[in-house]
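The values are calculated or read from the model by the stated rules, or taken from the named source; none is laboratory data. If you're wondering where the values come from, they're calculated on a predicted model, not measured in any experiment. In this analysis, Cβ positions are derived from the backbone assuming ideal geometry, glycine residues included, and neighbour counts consider all displayed protein chains. Calculation scope for accessible area: heavy atoms of the full protein, side chains included, ligands and nucleic acids excluded. Shrake-Rupley method; radii C 1.70, N 1.55, O 1.52, S 1.80 Å.
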2 protein chains.
Amino acid sequence: MNKINRKVEYALIGLKHMRGKPPGELTTVKELTLHYGCPFEMTSRVMQNLAQKGVLRSEQGAYGGYQITKDLNRISFYDLMAMILGPMAVAKCMHSSELESACEIRETCNIVSPVQTLSRRLAEFYRDLTVAELLDGRGGSTGKNLKSSVVAEASMMAEPT
Amino acid sequence: MNKINRKVEYALIGLKHMRGKPPGELTTVKELTLHYGCPFEMTSRVMQNLAQKGVLRSEQGAYGGYQITKDLNRISFYDLMAMILGPMAVAKCMHSSELESACEIRETCNIVSPVQTLSRRLAEFYRDLTVAELLDGRGGSTGKNLKSSVVAEASMMAEPT
DNA sequence: TTAAATACGTCTATTTTAGTCGTAGATAGA
DNA sequence: TCTATCTACGACTAAAATAGACGTATTTAA
(Lines give C-alpha, C1' and ligand atoms only; values in the text may rest on other atoms or scores of the structure.)
Protein backbone atom coordinates (compact mmCIF):
# COMPACT_ATOMS: atom_id res chain seq x y z
CA MET A 1 0.00 0.00 0.00
CA ASN A 2 0.92 3.62 -0.46
CA LYS A 3 3.61 3.15 -2.99
CA ILE A 4 5.50 6.14 -4.23
CA ASN A 5 4.98 7.13 -7.83
CA ARG A 6 7.72 6.25 -10.26
CA LYS A 7 7.81 9.72 -11.73
CA VAL A 8 8.40 11.15 -8.31
CA GLU A 9 11.28 8.73 -7.82
CA TYR A 10 12.84 9.90 -11.06
CA ALA A 11 12.45 13.48 -9.94
CA LEU A 12 14.25 12.72 -6.69
CA ILE A 13 16.99 10.84 -8.50
CA GLY A 14 17.49 13.74 -10.90
CA LEU A 15 17.45 16.39 -8.22
CA LYS A 16 19.84 14.51 -6.00
CA HIS A 17 22.19 13.98 -8.93
CA MET A 18 22.18 17.63 -9.94
CA ARG A 19 22.64 18.81 -6.40
CA GLY A 20 25.92 16.94 -6.19
CA LYS A 21 27.39 18.93 -9.02
CA PRO A 22 29.37 22.21 -9.02
CA PRO A 23 27.11 25.21 -9.69
CA GLY A 24 26.56 25.96 -13.37
CA GLU A 25 27.19 22.45 -14.59
CA LEU A 26 24.34 20.99 -16.60
CA THR A 27 22.90 17.48 -16.44
CA THR A 28 21.44 15.67 -19.43
CA VAL A 29 18.67 13.13 -19.23
CA LYS A 30 20.94 10.66 -20.98
CA GLU A 31 23.33 11.02 -18.08
CA LEU A 32 20.57 10.08 -15.66
CA THR A 33 19.45 7.09 -17.68
CA LEU A 34 23.03 5.82 -17.90
CA HIS A 35 23.75 6.25 -14.20
CA TYR A 36 20.46 5.11 -12.76
CA GLY A 37 18.75 3.10 -15.47
CA CYS A 38 15.60 5.17 -15.48
CA PRO A 39 13.68 5.27 -18.76
CA PHE A 40 14.66 8.16 -20.99
CA GLU A 41 11.28 9.46 -22.12
CA MET A 42 9.65 9.42 -18.75
CA THR A 43 12.58 10.97 -16.99
CA SER A 44 12.70 13.57 -19.70
CA ARG A 45 9.05 14.45 -19.13
CA VAL A 46 9.55 14.77 -15.45
CA MET A 47 12.49 17.12 -15.90
CA GLN A 48 10.52 19.17 -18.40
CA ASN A 49 7.79 19.38 -15.85
CA LEU A 50 10.11 20.58 -13.14
CA ALA A 51 11.57 23.09 -15.56
CA GLN A 52 8.12 24.50 -16.33
CA LYS A 53 7.49 24.90 -12.64
CA GLY A 54 10.72 26.80 -12.20
CA VAL A 55 12.57 24.23 -10.14
CA LEU A 56 14.99 23.57 -12.96
CA ARG A 57 16.38 25.63 -15.79
CA SER A 58 16.63 23.90 -19.14
CA GLU A 59 19.08 24.65 -21.88
CA GLN A 60 18.33 23.29 -25.31
CA GLY A 61 20.62 22.19 -28.08
CA ALA A 62 23.98 20.49 -28.02
CA TYR A 63 25.71 20.72 -24.64
CA GLY A 64 22.32 21.53 -23.17
CA GLY A 65 20.74 20.00 -20.11
CA TYR A 66 19.14 20.85 -16.78
CA GLN A 67 20.22 22.71 -13.71
CA ILE A 68 18.61 23.38 -10.35
CA THR A 69 17.48 26.97 -9.90
CA LYS A 70 15.36 26.86 -6.76
CA ASP A 71 16.39 26.32 -3.17
CA LEU A 72 15.30 22.77 -2.36
CA ASN A 73 14.89 23.82 1.25
CA ARG A 74 12.00 25.94 0.11
CA ILE A 75 10.19 23.22 -1.82
CA SER A 76 8.03 20.80 0.11
CA PHE A 77 7.57 17.22 -0.91
CA TYR A 78 3.93 18.11 -1.37
CA ASP A 79 4.89 20.73 -3.94
CA LEU A 80 7.14 18.31 -5.76
CA MET A 81 4.42 15.70 -6.01
CA ALA A 82 1.87 18.28 -7.06
CA MET A 83 4.14 19.50 -9.85
CA ILE A 84 4.41 16.02 -11.26
CA LEU A 85 1.12 14.36 -10.40
CA GLY A 86 -1.26 17.23 -9.92
CA PRO A 87 -2.90 18.28 -6.66
CA MET A 88 -3.59 15.76 -3.96
CA ALA A 89 -7.01 14.14 -3.73
CA VAL A 90 -7.18 11.48 -1.07
CA ALA A 91 -10.60 10.29 -2.13
CA LYS A 92 -11.36 10.48 -5.80
CA CYS A 93 -15.03 10.46 -5.67
CA MET A 94 -17.38 9.33 -3.12
CA HIS A 95 -16.34 11.38 -0.19
CA SER A 96 -14.21 14.21 -1.45
CA SER A 97 -15.17 17.77 -2.08
CA GLU A 98 -15.16 17.35 -5.83
CA LEU A 99 -18.14 17.86 -8.08
CA GLU A 100 -21.34 16.72 -6.45
CA SER A 101 -22.13 14.59 -9.45
CA ALA A 102 -19.13 12.45 -8.58
CA CYS A 103 -20.98 10.96 -5.62
CA GLU A 104 -24.56 9.76 -5.58
CA ILE A 105 -24.78 9.05 -1.89
CA ARG A 106 -23.19 12.17 -0.54
CA GLU A 107 -26.14 12.79 1.77
CA THR A 108 -26.05 9.42 3.42
CA CYS A 109 -22.29 8.88 3.39
CA ASN A 110 -21.00 8.66 6.92
CA ILE A 111 -17.29 9.14 6.35
CA VAL A 112 -17.16 12.48 4.56
CA SER A 113 -15.52 14.09 7.53
CA PRO A 114 -13.04 11.29 8.30
CA VAL A 115 -11.73 11.33 4.78
CA GLN A 116 -11.43 15.08 4.79
CA THR A 117 -9.60 14.86 8.07
CA LEU A 118 -7.19 12.36 6.65
CA SER A 119 -6.72 14.46 3.56
CA ARG A 120 -5.90 17.51 5.62
CA ARG A 121 -3.42 15.75 7.84
CA LEU A 122 -1.66 13.97 5.01
CA ALA A 123 -1.25 17.23 3.14
CA GLU A 124 0.20 18.75 6.28
CA PHE A 125 2.63 15.91 6.57
CA TYR A 126 3.85 16.29 3.01
CA ARG A 127 4.07 20.04 3.31
CA ASP A 128 6.20 19.82 6.39
CA LEU A 129 8.76 17.68 4.63
CA THR A 130 11.13 19.58 2.35
CA VAL A 131 12.77 18.05 -0.67
CA ALA A 132 16.17 18.99 0.73
CA GLU A 133 15.41 17.13 3.95
CA LEU A 134 14.41 14.06 2.01
CA LEU A 135 17.47 14.07 -0.21
CA ASP A 136 19.75 14.59 2.76
CA GLY A 137 18.18 11.68 4.57
CA ARG A 138 17.38 14.08 7.38
CA GLY A 139 13.93 14.08 8.88
CA GLY A 140 14.43 10.46 9.73
CA SER A 141 12.13 10.37 12.71
CA THR A 142 10.15 12.80 14.76
CA GLY A 143 10.97 10.69 17.77
CA LYS A 144 7.33 10.43 18.68
CA ASN A 145 6.99 6.85 17.67
CA LEU A 146 9.70 4.27 17.84
CA LYS A 147 7.60 1.36 16.70
CA SER A 148 8.22 2.55 13.17
CA SER A 149 11.41 0.59 12.93
CA VAL A 150 9.43 -2.48 11.95
CA VAL A 151 8.46 -1.00 8.62
CA ALA A 152 11.50 -2.23 6.76
CA GLU A 153 10.88 -5.83 7.60
CA ALA A 154 7.16 -5.49 7.10
CA SER A 155 7.66 -4.41 3.51
CA MET A 156 9.16 -7.79 2.76
CA MET A 157 6.00 -9.65 3.61
CA ALA A 158 3.51 -10.76 1.01
CA GLU A 159 0.33 -8.91 0.23
CA PRO A 160 -3.01 -10.67 0.88
CA THR A 161 -5.19 -11.88 -1.97
CA MET B 1 -2.13 11.60 -6.11
CA ASN B 2 -2.24 9.54 -2.96
CA LYS B 3 -5.79 8.39 -3.22
CA ILE B 4 -7.23 6.29 -0.47
CA ASN B 5 -8.08 2.71 -1.30
CA ARG B 6 -11.74 1.91 -1.82
CA LYS B 7 -11.58 -1.09 0.47
CA VAL B 8 -10.28 1.09 3.24
CA GLU B 9 -13.17 3.46 2.67
CA TYR B 10 -15.63 0.60 3.01
CA ALA B 11 -13.91 -0.46 6.21
CA LEU B 12 -14.26 3.03 7.63
CA ILE B 13 -17.89 3.22 6.55
CA GLY B 14 -18.64 -0.10 8.19
CA LEU B 15 -16.80 0.67 11.39
CA LYS B 16 -18.41 4.06 11.74
CA HIS B 17 -21.82 2.54 11.16
CA MET B 18 -21.32 -0.19 13.74
CA ARG B 19 -19.93 2.17 16.29
CA GLY B 20 -23.14 4.14 16.25
CA LYS B 21 -25.15 1.16 17.40
CA PRO B 22 -26.02 -0.05 20.88
CA PRO B 23 -23.61 -2.73 22.10
CA GLY B 24 -24.51 -6.25 21.04
CA GLU B 25 -26.45 -5.24 17.97
CA LEU B 26 -25.20 -6.84 14.76
CA THR B 27 -24.76 -5.23 11.36
CA THR B 28 -25.21 -7.07 8.09
CA VAL B 29 -23.36 -6.27 4.91
CA LYS B 30 -26.68 -5.83 3.17
CA GLU B 31 -27.44 -3.08 5.61
CA LEU B 32 -24.24 -1.31 4.62
CA THR B 33 -24.88 -1.65 0.92
CA LEU B 34 -28.39 -0.26 1.30
CA HIS B 35 -27.33 2.69 3.43
CA TYR B 36 -24.15 3.63 1.67
CA GLY B 37 -24.32 2.08 -1.76
CA CYS B 38 -21.08 0.19 -1.41
CA PRO B 39 -20.78 -3.02 -3.44
CA PHE B 40 -21.86 -6.10 -1.56
CA GLU B 41 -19.08 -8.54 -2.40
CA MET B 42 -16.23 -6.19 -1.80
CA THR B 43 -17.65 -4.84 1.42
CA SER B 44 -18.25 -8.40 2.52
CA ARG B 45 -14.61 -9.29 1.89
CA VAL B 46 -13.42 -6.34 3.84
CA MET B 47 -15.56 -7.22 6.83
CA GLN B 48 -14.41 -10.83 6.68
CA ASN B 49 -10.90 -9.52 6.69
CA LEU B 50 -11.46 -7.37 9.73
CA ALA B 51 -13.14 -10.29 11.44
CA GLN B 52 -10.14 -12.52 10.82
CA LYS B 53 -7.90 -9.88 12.35
CA GLY B 54 -10.05 -9.72 15.43
CA VAL B 55 -11.43 -6.23 14.94
CA LEU B 56 -14.91 -7.58 14.32
CA ARG B 57 -16.77 -10.62 15.48
CA SER B 58 -18.87 -12.36 12.85
CA GLU B 59 -21.98 -14.39 13.41
CA GLN B 60 -23.13 -16.64 10.62
CA GLY B 61 -26.59 -17.79 9.66
CA ALA B 62 -29.89 -15.97 9.73
CA TYR B 63 -29.86 -12.92 11.98
CA GLY B 64 -26.11 -12.99 11.75
CA GLY B 65 -23.82 -10.07 11.06
CA TYR B 66 -20.80 -8.22 12.35
CA GLN B 67 -19.95 -6.42 15.53
CA ILE B 68 -16.96 -4.44 16.73
CA THR B 69 -14.91 -6.25 19.36
CA LYS B 70 -11.76 -4.16 19.62
CA ASP B 71 -11.26 -0.68 21.00
CA LEU B 72 -10.86 1.56 17.98
CA ASN B 73 -8.72 3.86 20.10
CA ARG B 74 -6.15 1.11 20.13
CA ILE B 75 -6.07 0.50 16.40
CA SER B 76 -3.98 2.80 14.26
CA PHE B 77 -4.90 3.72 10.76
CA TYR B 78 -1.69 1.97 9.77
CA ASP B 79 -2.98 -1.25 11.29
CA LEU B 80 -6.31 -0.91 9.55
CA MET B 81 -4.69 -0.43 6.16
CA ALA B 82 -2.27 -3.25 6.78
CA MET B 83 -5.15 -5.60 7.63
CA ILE B 84 -6.84 -4.86 4.34
CA LEU B 85 -4.00 -4.12 1.94
CA GLY B 86 -1.03 -5.83 3.47
CA PRO B 87 2.05 -4.14 4.92
CA MET B 88 3.17 -0.78 3.64
CA ALA B 89 5.87 -0.60 0.99
CA VAL B 90 6.50 2.92 -0.22
CA ALA B 91 8.74 1.83 -3.06
CA LYS B 92 7.90 -1.44 -4.69
CA CYS B 93 11.13 -2.20 -6.29
CA MET B 94 13.98 -0.13 -7.19
CA HIS B 95 14.85 1.47 -3.93
CA SER B 96 13.17 -0.48 -1.19
CA SER B 97 14.62 -3.10 1.06
CA GLU B 98 12.92 -5.95 -0.75
CA LEU B 99 14.68 -8.81 -2.46
CA GLU B 100 17.88 -7.67 -4.09
CA SER B 101 16.79 -9.20 -7.37
CA ALA B 102 14.02 -6.64 -7.49
CA CYS B 103 16.51 -3.91 -8.31
CA GLU B 104 19.38 -4.11 -10.75
CA ILE B 105 20.90 -0.75 -9.99
CA ARG B 106 20.89 -0.89 -6.23
CA GLU B 107 24.57 -0.06 -6.11
CA THR B 108 24.34 3.08 -8.16
CA CYS B 109 20.92 4.23 -7.00
CA ASN B 110 21.22 7.54 -5.23
CA ILE B 111 17.87 7.74 -3.49
CA VAL B 112 17.82 4.57 -1.41
CA SER B 113 18.05 6.54 1.77
CA PRO B 114 15.51 9.26 0.84
CA VAL B 115 12.89 6.68 0.03
CA GLN B 116 13.59 4.81 3.23
CA THR B 117 13.30 8.06 5.11
CA LEU B 118 9.98 8.79 3.53
CA SER B 119 8.78 5.29 4.23
CA ARG B 120 9.70 5.59 7.88
CA ARG B 121 8.04 8.93 8.35
CA LEU B 122 4.87 7.97 6.55
CA ALA B 123 4.52 4.84 8.62
CA GLU B 124 4.97 6.96 11.71
CA PHE B 125 2.25 9.28 10.54
CA TYR B 126 -0.22 6.48 9.97
CA ARG B 127 0.65 4.81 13.25
CA ASP B 128 0.06 7.97 15.19
CA LEU B 129 -3.45 8.29 13.83
CA THR B 130 -6.02 6.03 15.49
CA VAL B 131 -9.10 4.79 13.73
CA ALA B 132 -11.23 6.29 16.48
CA GLU B 133 -9.67 9.71 15.91
CA LEU B 134 -10.37 9.46 12.22
CA LEU B 135 -13.98 8.41 12.65
CA ASP B 136 -14.59 11.13 15.19
CA GLY B 137 -13.18 13.74 12.87
CA ARG B 138 -10.71 14.58 15.60
CA GLY B 139 -7.06 14.92 14.74
CA GLY B 140 -8.04 17.63 12.31
CA SER B 141 -4.80 19.53 12.48
CA THR B 142 -1.61 19.40 14.44
CA GLY B 143 -1.58 23.17 14.28
CA LYS B 144 1.92 23.11 12.89
CA ASN B 145 0.93 24.14 9.44
CA LEU B 146 -2.00 26.29 8.55
CA LYS B 147 -1.33 26.39 4.85
CA SER B 148 -3.05 23.02 4.63
CA SER B 149 -6.43 24.66 4.30
CA VAL B 150 -5.89 24.99 0.58
CA VAL B 151 -6.12 21.27 0.05
CA ALA B 152 -9.85 21.15 -0.45
CA GLU B 153 -9.80 23.61 -3.31
CA ALA B 154 -6.67 22.11 -4.78
CA SER B 155 -8.35 18.74 -5.16
CA MET B 156 -10.81 20.30 -7.58
CA MET B 157 -8.12 21.22 -10.06
CA ALA B 158 -7.31 19.14 -13.08
CA GLU B 159 -4.43 16.70 -13.25
CA PRO B 160 -1.65 17.35 -15.75
CA THR B 161 -1.22 15.16 -18.81
C1' DT C 1 -36.78 -27.30 5.49
C1' DT C 2 -36.24 -22.71 4.25
C1' DA C 3 -34.58 -18.04 4.35
C1' DA C 4 -30.95 -15.11 5.38
C1' DA C 5 -26.60 -14.63 6.65
C1' DT C 6 -21.23 -15.26 6.31
C1' DA C 7 -17.10 -17.44 3.71
C1' DC C 8 -14.37 -17.68 -0.14
C1' DG C 9 -12.26 -19.11 -4.83
C1' DT C 10 -12.23 -17.37 -9.33
C1' DC C 11 -13.18 -14.44 -12.91
C1' DT C 12 -13.77 -9.86 -15.62
C1' DA C 13 -13.78 -4.96 -16.27
C1' DT C 14 -11.95 -0.57 -15.38
C1' DT C 15 -8.61 2.63 -14.23
C1' DT C 16 -4.10 4.04 -13.29
C1' DT C 17 0.65 3.78 -13.97
C1' DA C 18 4.61 2.90 -16.74
C1' DG C 19 6.90 3.14 -20.74
C1' DT C 20 7.43 3.86 -26.12
C1' DC C 21 7.34 6.09 -30.74
C1' DG C 22 7.67 9.71 -33.70
C1' DT C 23 8.56 14.29 -34.75
C1' DA C 24 9.67 19.15 -34.11
C1' DG C 25 12.72 22.72 -32.49
C1' DA C 26 17.19 24.66 -30.43
C1' DT C 27 22.16 25.16 -30.51
C1' DA C 28 27.25 24.36 -30.54
C1' DG C 29 30.80 23.32 -33.43
C1' DA C 30 33.03 21.43 -37.72
C1' DT D 1 25.49 25.18 -43.82
C1' DC D 2 25.39 20.75 -42.10
C1' DT D 3 25.47 17.52 -38.38
C1' DA D 4 25.34 15.72 -33.80
C1' DT D 5 23.18 16.31 -29.53
C1' DC D 6 20.19 18.09 -26.81
C1' DT D 7 15.14 19.59 -25.07
C1' DA D 8 9.87 19.70 -26.06
C1' DC D 9 5.78 17.38 -26.67
C1' DG D 10 1.61 14.87 -28.75
C1' DA D 11 -0.05 10.40 -29.22
C1' DC D 12 0.17 5.73 -28.50
C1' DT D 13 0.71 0.87 -26.24
C1' DA D 14 1.63 -2.27 -22.44
C1' DA D 15 1.45 -3.67 -17.81
C1' DA D 16 -0.17 -3.60 -13.31
C1' DA D 17 -3.24 -2.40 -9.69
C1' DT D 18 -7.89 -1.60 -8.32
C1' DA D 19 -12.73 -2.34 -8.36
C1' DG D 20 -16.29 -5.23 -8.80
C1' DA D 21 -19.18 -9.54 -10.16
C1' DC D 22 -20.34 -14.57 -10.24
C1' DG D 23 -20.95 -18.92 -8.29
C1' DT D 24 -21.11 -21.94 -4.63
C1' DA D 25 -20.55 -23.72 0.01
C1' DT D 26 -21.59 -23.32 4.86
C1' DT D 27 -23.95 -21.75 9.02
C1' DT D 28 -28.02 -20.97 11.76
C1' DA D 29 -32.62 -19.12 13.55
C1' DA D 30 -37.24 -19.90 12.91
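Leaving ligands and nucleic acids aside, the A/B contact buries around 7000 square angstrom of accessible area in total at a 1.4 Å probe radius. When nucleic acids and ligands are ignored and a 1.4 Å probe is applied, A:ASP79 ends up with an accessible area of around 50 Å².
The other copies place their B:LYS3 label points at 1.6 nm from this one, listed shortest first, where each point is 7 Å from Cα along Cα→Cβ. Neighbours of A:ALA51 by Cβ distance under 12 Å: Lys/Arg scored +1, Asp/Glu scored -1, total +3. The H on the amide N of B:ILE75, modeled in the peptide plane, is under 5 Å from the matching H of B:VAL131, B:ALA132, each at least 5 residues off or on a different chain. Phi angles across segment B:76-86 convert, under the Karplus curve 6.51 cos²θ - 1.76 cosθ + 1.60 with θ = phi - 60°, into 3J(HN,Hα) values of 7, 5, 4, 4, 4, 5, 5, 4, 9, 10, x Hz, Gly and Pro given as x. Distance from the axis that maps chain A onto chain B is least for the Cβ of the chain A residue given, with the whole Å value, as A:PHE125, 3.
With the label put 7 angstrom out from Cα along the Cα-to-Cβ vector, B:THR108 ends up 5.7 nm from the copy partners, going from closest to farthest. Exceeding 19 Å between C-alpha atoms, which entries from my cross-link table qualify? They are A:LYS30/A:LYS70; A:LYS16/A:LYS53; A:LYS7/A:LYS53; B:LYS16/B:LYS53. Listed pairs above 19 Å: A:LYS30/A:LYS70. In order along segment B:30-46, the Karplus-derived 3J(HN,Hα) couplings, from 6.51 cos²θ - 1.76 cosθ + 1.60 at θ = phi - 60°, round to 4, 4, 5, 5, 5, 5, 10, x, 7, x, 4, 4, 5, 4, 4, 4, 4 Hz, and Gly and Pro are given as x.
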